[in-house]
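A.B. asks: Quick one: the structure is below, and I'll ask about it shortly.
The values are calculated or read from the model by the stated rules, or taken from the named source; none is laboratory data. Since this is a predicted model, take the numbers as computed values, not measurements. A quick note on method: Cβ atoms are made from the backbone with ideal geometry, for glycine too, and the neighbour counts reach across all protein chains shown. We work out accessible area using only protein heavy atoms, side chains counted, and drop any ligands, DNA or RNA first. Shrake-Rupley method; radii C 1.70, N 1.55, O 1.52, S 1.80 Å.
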Amino acid sequence: MIKKITLLLIVVFVSLQIHAQRSEEIRKIGRTKYYVHHVQKGHTLYAISKVYSVSVEDIIAANPGVESGISIDQEVLIPVKSVNKKEAKSNPPEIENGQLIHTVSKGETLYGIAKKYKVSVEELVSNNSQIGDGLNVGMKLFINQQTIPDLKSQLIVPALPDDYILHEVKEKETLYGISKMYNVGIEEIININPDLSEGLKPSMLLNIPKTKLEAGDLEENTHIATLSNPLSKSSYSIGLFLPFMLNDVDTVLLHSELNKVEPELSPYSMVSVEFYNGFMMAVDSLKKQGLNIELFVYDMAKDTMAINAMLNDQKLASLDMFIGPFHYSSFKPLASFAKHNNIKIISPLNQPNKLMLYNECLLECEPSTHTQVRAVADYLYHTSDSLSNVLMLSNFDYKNKPLCDDFESHARRIGLSYSSVSVEFAEREFDLIVPENLMTKMDSNKVNRIFVISSDDGYISRLFDRMNAIDTSIYKLEVYGLSNWISIDQINTRYKVKYHLTLPLVHFIDYTDENIKFFIKKYRSLHKTVPIKFGFLGFDVAYYHLNELLQNGTNFEQYFPFGKISEGLQSRYQYNQFQQGSGYENNALYFVRYDDYELKLIDKYPFEIMLPTEEVLIEEIKTDSIPEKTPFEID
């Protein structure tokens, strides 16, 4: 009899505990009745659903927004009509000290309890050491929600105070990066997350104190969570590789002195000196901001024997960054050396994209032609409307076909509506009739935005001559080209203005800008001449990349995924990784347009450039080639 009474008291006690967890407060909204559950520390959506014997989906439907997290003291409405009466009578669990607890009732078995919560018997035993003495009525069993299969992480996020955020750790995230993401100290995160004593692990849930970061800032900073500690140094060693051609310079100066004539230095020497002058002006500016560097300057051109000898220099492997060289034949072996020794190597001028493949140390400063094509497609997409008629025109020869394919693939991906136009000219065809293929695709009721994919001077010149016969009082025209068009002299300026020629430029100098004026003035005072292209380039390349070292250490590339466009004197920088495990390409361009006989900057990007798929990049590498001209032959 005593045993029966004791058992009865236990059952009554357990029943009272359960009902204490389940709110009896009922609120009627319209015709629907709800239990009002008051959230306490540690409560989860899944645990609440189990206590009330309702589905999580029913709770979310009645409380929009709770799927993103619940807070302490929050009221959660539980639809009374949604309660599963059978489950409610079969001993639902309770929440005790923030944990989901099952109290054993008469007739229950380990197997049945494990099945109820979709966990294994072994796990149930390992989480509850008291089971070793046998399963007894009234025994409280801890149910580990984290191990229940097919349960979304949002459903087991414990309730936090309003001044806390819950962060789920993702692959590759670091404690340093998470602290930077939320602007909270590492020690503070460790103090309120004791589980970190076992180390940071993917899927771990961390309590993070809220800061003054806005929601938009937080979304923008998600990449920061993967950051590692900056590899900063008190001083950096930099190698600068330029084709000074010093041996030739000695010969030229001797000839000049002997023959009493002005020295005629090679274009390589002139360009190198100008680049170096601009480079050193940037170094001087950064030294005032705290940069400390040791600069090693190498005379490096195309001499294979000299290159191999240089690569045997033990000092080379101890440098922190290489800048240059310009020529492909010398850049390629140095890029391989840089990869082997984990040294950043910066290419100031365009090199074949295939060099970036599997070399995470390589940074390509100049956007490739493929990148320009995709940027024009993005620009047309973001600036077109129902009154736009986009046409992609080319002769589709072996050089242009890969670029046309890239445009078409990217246009489909971003949803740009366009028509393709093939225009070819016979070798001795010089009439001025508008190409029929073009006329049939034009629309007199829309703005015809024609992107010409070609870099052939003769083809472009002949196309403009033929297009001159189009009656612009009937057809509105805009023509888009590539960056190298800026140096094509055969295009009549009148055509450029007439067709509102728009180009994606790799470099652009606005001589009305006060910073440009100041730079020219200072350059002239130091070197008794004015800078042309390479003085500006030397300054920009040095200032951007050495400033990255100063601000973010030798592993500064980890900041690229969330970096803004950085403005230089004539260059913009915004690097994106070419593909996983490979180098980085600068994707930032200037969009300029001929207007009233002036080349004017379209000031801001009205869009975010969409990066290409890996399949497109593979095709790009297949068709990539070594430039036919050296950079010094291009104006």
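A.B. asks: Is it the case that LYS446 is basic (Lys, Arg), modelled with pLDDT of 95 or more and farther than 22 Å from ARG374 by Cα?
C.D. replies: yes
A.B. asks: Enumerate the pairs (first residue in the range 90-106 and within 11 Å of MET139 (Cα to Cα) and in contact (Cβ under 8 Å) with a residue 60 or more places away in the chain; second residue anywhere and open to solvent by less than 10 Å² (accessible area, probe 1.4 Å) and part of a loop (DSSP other than H, G, I, E, B)) with beta-carbon separation below 8 Å, excluding pairs fewer than 6 apart on the same chain, so at least 6 apart or on different chains.
C.D. replies: THR103/PRO93
A.B. asks: Looking for something in contact with a helix residue (DSSP H, G or I) (Cβ under 8 Å, 6 or more places away or on another chain) and within 30 Å of PHE556 (Cα to Cα) - is there at least one such residue anywhere in the range 158-167?
C.D. replies: We begin by selecting, within the range 158-167, every residue in contact with a helix residue (DSSP H, G or I) (Cβ under 8 Å, 6 or more places away or on another chain); these are 165, 167.
Now narrow it down to the ones that are within 30 Å of PHE556 (Cα to Cα): 165, 167.
Checked against the condition, which is being in contact with a helix residue (DSSP H, G or I) (Cβ under 8 Å, 6 or more places away or on another chain) and within 30 Å of PHE556 (Cα to Cα), the range 158-167 yields at least one hit.
A.B. asks: Can you confirm whether LEU549 is open to solvent by less than 50 Å² (accessible area, probe 1.4 Å) and either modelled with pLDDT of 95 or more or farther than 25 Å from VAL373 by Cβ (or both)?
C.D. replies: Numbers: open to solvent by less than 50 Å² (accessible area, probe 1.4 Å): yes; either modelled with pLDDT of 95 or more or farther than 25 Å from VAL373 by Cβ (or both): yes.
Judged against the criteria, LEU549 is a match.
A.B. asks: In the range 83-112, what residues are hydrophobic (A, V, I, L, M, F, W, C) and more than 16 Å from SER53 (Cβ to Cβ)? Don't jump to the end; show me each part of the working.
C.D. replies: The first filter runs over the range 83-112 and keeps only residues hydrophobic (A, V, I, L, M, F, W, C), leaving 83, 88, 95, 100-101, 104, 110.
Hits for the range 83-112 are VAL104, LEU110.
A.B. asks: What number of residues in the range 500-520 are in a loop (DSSP other than H, G, I, E, B) and free of Cβ contacts under 8 Å to residues at least 40 places away in the same chain? Explain how you work it out, then say what you get.
C.D. replies: First, the residues of the range 500-520 that are in a loop (DSSP other than H, G, I, E, B): 500-501, 506-513.
Okay, now just the ones that are also free of Cβ contacts under 8 Å to residues at least 40 places away in the same chain, so 511-513.
Number satisfying all stated conditions: 3.
A.B. asks: Output the number of the condition that HIS527 fails; it satisfies all remaining conditions of (1) free of Cβ contacts under 8 Å to residues at least 40 places away in the same chain; (2) more than 26 Å from THR371 (Cβ to Cβ); (3) open to solvent by less than 70 Å² (accessible area, probe 1.4 Å).
C.D. replies: (1)
A.B. asks: Report the residue count in the range 569-603 for those that are open to solvent by less than 30 Å² (accessible area, probe 1.4 Å), in a loop (DSSP other than H, G, I, E, B) and not aliphatic (A, V, I, L, M). It would help to see each step written out before you state the result.
C.D. replies: Initially, the range 569-603 is screened for residues open to solvent by less than 30 Å² (accessible area, probe 1.4 Å), giving 569-573, 575, 578-579, 581-592, 594.
Going one step further and asking which of them are in a loop (DSSP other than H, G, I, E, B), we end up with 569-571, 578-579, 581-583, 587-589.
Restricting the remaining residues to those that are not aliphatic (A, V, I, L, M) gives 570-571, 578-579, 581-583, 587.
Final tally of qualifying residues: 8.
A.B. asks: Would you mind stating whether SER409 is of a type in the set (Gly, Ala, Ser), part of a helix (DSSP H, G or I) and surrounded by 16 or more Cβ atoms within 10 Å (Cβ to Cβ)?
C.D. replies: On the way: of a type in the set (Gly, Ala, Ser): yes; part of a helix (DSSP H, G or I): yes; surrounded by 16 or more Cβ atoms within 10 Å (Cβ to Cβ): yes.
Here the answer is yes, as SER409 does meet what is asked.
A.B. asks: Could I ask something else about it? Is it fair to say MET181 is farther than 30 Å from ILE113 by Cα and open to solvent by less than 70 Å² (accessible area, probe 1.4 Å)?
C.D. replies: Details: farther than 30 Å from ILE113 by Cα: yes; open to solvent by less than 70 Å² (accessible area, probe 1.4 Å): yes.
Spelling it out, MET181 is indeed farther than 30 Å from ILE113 by Cα and open to solvent by less than 70 Å² (accessible area, probe 1.4 Å).
A.B. asks: Which one is farthest from GLU94 (Cα to Cα), of the residues in the range 19-74 that are part of a loop (DSSP other than H, G, I, E, B) and among the charged types (D, E, K, R)?
C.D. replies: Taking the range 19-74 first, the residues part of a loop (DSSP other than H, G, I, E, B) are 22-25, 30-31, 39-44, 53-55, 63-65, 69-70, 72-74.
Among the residues that remain, those that are also among the charged types (D, E, K, R) are: 22, 24-25, 31, 41, 73.
Working: ARG22: 8, GLU24: 14, GLU25: 17, ARG31: 29, LYS41: 14, ASP73: 18 Å.
In this case the residue turns out to be ARG31.
A.B. asks: While we're here: Quick check on my filter: what residues within the range 75-107 are in a strand (DSSP E or B) and under 18 Å from ILE59 (Cα atoms)?
C.D. replies: Step one: of the range 75-107, the residues in a strand (DSSP E or B) are 75-79, 94-96, 99-103.
Listed by number, the residues that qualify are GLU75, VAL76, LEU77, ILE78, PRO79, GLU94, ILE95, LEU100.
A.B. asks: Only one of these is among the hydrophobic types (A, V, I, L, M, F, W, C), within 22 Å of the chain's Cα centre (by Cα) and surrounded by fewer than 18 Cβ atoms within 10 Å (Cβ to Cβ): LEU387, LEU357. Name it.
C.D. replies: LEU357
Yes/no per residue for (1) open to solvent by less than 70 Å² (accessible area, probe 1.4 Å); (2) modelled with pLDDT of 90 or more; (3) more than 19 Å from ARG27 (Cβ to Cβ); (4) in contact with a His (Cβ under 9 Å, 6 or more places away or on another chain):
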{"position": "VAL54", "(1), (2), (3), (4)": "yes, yes, no, no"}
{"position": "ILE72", "(1), (2), (3), (4)": "yes, no, yes, yes"}
{"position": "GLU87", "(1), (2), (3), (4)": "no, no, yes, no"}
{"position": "TYR111", "(1), (2), (3), (4)": "no, yes, yes, no"}
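A.B. asks: So, in the range 295-336, how many residues would count as being within 22 Å of SER232 (Cα to Cα) and under 29 Å from the mean Cα position of the chain (by Cα)?
C.D. replies: Narrowing the range 295-336 to residues within 22 Å of SER232 (Cα to Cα): 295-296, 315-323.
Applying the additional criterion that residues be under 29 Å from the mean Cα position of the chain (by Cα) yields 319-323.
Residues that pass the stated criteria total 5.
A.B. asks: Oh, and also: Which of the residues spanning the range 62-89 are without any contact (Cβ under 8 Å) to a residue 60 or more places away in the chain, under 29 Å from ASP162 (Cβ atoms) and acidic (Asp, Glu)?
C.D. replies: Selection gives ASP73, GLU75.
A.B. asks: Let me ask something else about it. Select from the range 432-459 the residues that are part of a helix (DSSP H, G or I), under 23 Å from SER483 (Cα atoms) and among the charged types (D, E, K, R) and list them in ascending order.
C.D. replies: Scanning the range 432-459 gives a single hit, ASP457.
A.B. asks: Specify which of the listed residues (LEU463, LEU477, LEU391, LEU416) is part of a helix (DSSP H, G or I) and of a type outside the set (Gly, Ala, Ser).
C.D. replies: Details: LEU477 fails: part of a helix (DSSP H, G or I); LEU391 fails: part of a helix (DSSP H, G or I); LEU416 fails: part of a helix (DSSP H, G or I).
That would be LEU463, the only listed residue that is part of a helix (DSSP H, G or I) and of a type outside the set (Gly, Ala, Ser).
A.B. asks: List the pairs whose first member sits in the range 482-498 and is under 15 Å from TYR459 (Cα atoms) and open to solvent by 70 Å² or more (accessible area, probe 1.4 Å), whose second member is modelled with pLDDT of 90 or more and β-branched (Val, Ile, Thr), and whose Cβ atoms are under 8 Å apart, counting only residues at least 6 apart or on separate chains?
C.D. replies: GLN490/ILE460
Here's the yes/no breakdown for (1) at pLDDT 90 or above; (2) surrounded by 14 or more Cβ atoms within 10 Å (Cβ to Cβ); (3) under 24 Å from LYS116 (Cβ atoms):
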| residue | (1), (2), (3) |
| --- | --- |
| THR32 | yes, no, no |
| GLN40 | no, yes, yes |
| THR44 | no, yes, yes |
| ILE60 | yes, yes, yes |
| PRO79 | yes, yes, yes |
| VAL83 | yes, yes, yes |
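A.B. asks: Of (1) closer than 30 Å to LYS287 by Cβ; (2) surrounded by 15 or more Cβ atoms within 10 Å (Cβ to Cβ); (3) modelled with pLDDT of 80 or more, LYS233 satisfies all except one. Which?
C.D. replies: Here LYS233 clears every test but (2).
A.B. asks: Another question about this same structure. Of all residues in the range 120-145, which are crowded, with 17+ Cβ neighbours inside 10 Å and closer than 15 Å to ALA47 by Cα?
C.D. replies: LEU141, ILE143, GLN145
A.B. asks: Considering only the range 545-568, state which residues are assigned to a loop (DSSP other than H, G, I, E, B) and under 20 Å from ASN229 (Cβ atoms). Steps first, answer last, please.
C.D. replies: To start, the set of residues in the range 545-568 that are assigned to a loop (DSSP other than H, G, I, E, B) comprises 553-555, 563-565, 568.
If the condition is that a residue be assigned to a loop (DSSP other than H, G, I, E, B) and under 20 Å from ASN229 (Cβ atoms), then GLY553, THR554, ASN555, GLY563 are the ones that fit.
A.B. asks: Can you name the residue in the range 194-211 that is touching a strand residue (DSSP E or B) at 6+ places or on another chain (Cβ under 8 Å) and not β-branched (Val, Ile, Thr) and is also most open to solvent (accessible area, probe 1.4 Å) among such residues?
C.D. replies: LYS210
A.B. asks: Show me the strands (runs of 3 or more DSSP E) found entirely inside the range 268-371 where at least 3 residues are modelled with pLDDT of 95 or more and within 30 Å of CYS404 (Cα to Cα).
C.D. replies: Values: elements: 293-299, 321-323, 344-347, 362-364.
The qualifying strands (runs of 3 or more DSSP E) are 362-364.
A.B. asks: Looking at VAL137, is it under 30 Å from PRO92 (Cα atoms), without any contact (Cβ under 8 Å) to a residue 12 or more places away in the chain and β-branched (Val, Ile, Thr)?
C.D. replies: Working: under 30 Å from PRO92 (Cα atoms): yes; without any contact (Cβ under 8 Å) to a residue 12 or more places away in the chain: no; β-branched (Val, Ile, Thr): yes.
So VAL137 does not fit the description; no.
A.B. asks: Can you find a residue that is touching a Pro at 6+ places or on another chain (Cβ under 9 Å), within 19 Å of ASN395 (Cβ to Cβ) and at pLDDT below 95 anywhere in the range 449-466? Before the answer, list the steps.
C.D. replies: Let us first name the residues in the range 449-466 that are touching a Pro at 6+ places or on another chain (Cβ under 9 Å), namely 463, 466.
Keeping just the survivors that are within 19 Å of ASN395 (Cβ to Cβ) gives 463, 466.
Applying the additional criterion that residues be at pLDDT below 95 yields 463, 466.
Yes - at least one qualifying residue is present in the range 449-466.
A.B. asks: Also, I was wondering about something else. Would you please list the contacts, defined by Cβ atoms under 6 Å and residues six or more apart or on different chains, that run from a residue in the range 424-442 that is modelled with pLDDT under 80 to a residue that is surrounded by 10 or more Cβ atoms within 10 Å (Cβ to Cβ) and small (Gly, Ala, Ser)?
C.D. replies: LEU432/ALA469; VAL434/ALA469
A.B. asks: Here's another thing I want to ask about it. Which helices (runs of 4 or more DSSP H) does the range 108-200 wholly contain that include 1 or more residues that are in contact with a Phe, Trp or Tyr (Cβ under 9 Å, 6 or more places away or on another chain) and closer than 26 Å to SER71 by Cβ?
C.D. replies: Details: elements: 110-117, 121-126, 175-182, 186-192.
The helices (runs of 4 or more DSSP H) meeting that bar are 186-192.
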